[in-house]
1. Can you tell me which residue among Lys5, Lys51 is among the charged types (D, E, K, R) and in contact with a helix residue (DSSP H, G or I) (Cβ under 8 Å, 6 or more places away or on another chain)?
2. Could you pull out the residue among Leu14, Leu64 that is among the hydrophobic types (A, V, I, L, M, F, W, C), touching a Phe, Trp or Tyr at 6+ places or on another chain (Cβ under 8 Å) and at pLDDT 95 or above?
3. Looking only at region 21-78, which residues are within 22 Å of Ile6 (Cα to Cα) and β-branched (Val, Ile, Thr)?
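The values are calculated or read from the model by the stated rules, or taken from the named source; none is laboratory data. Quick caveat: nothing in here was measured; it's all calculated off a predicted structure. Because the Cβ atoms are built from the backbone with ideal geometry, glycine has one as well, and the counts that use them run over all protein chains shown.
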Amino acid sequence: MSAAKIVLLVVYVLLAALALAQGDTTVGIWSLRILGILAIAHLIETAVYFKLCQSAGGSLAGHLFSVFLFGVLHVKELKAAQGIS
């Protein structure tokens, strides 16, 4: 797993922790909003790159989940593995 993916996972954990710990405060509300915006953006990416995930080989569900979590970071890896620029 790349360093960028690890950093992104840490950001997700921090946002989730802030949303849970801060609750109804401004920080908690905005943390939850940011997580929601990221989820929507990554859902769109998952739909856009569905065919790339299909052609990648291996687990389609695994690739789709990775695109949902990591977005273009995983897409770049898929394209590099397939020799697409």
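1. Being among the charged types (D, E, K, R) and in contact with a helix residue (DSSP H, G or I) (Cβ under 8 Å, 6 or more places away or on another chain) holds for just one of Lys5, Lys51, which is Lys5.
2. On inspection, the qualifying residue turns out to be Leu64.
3. Ile34, Ile37, Ile40, Ile44, Thr46, Val67, Val72, Val75
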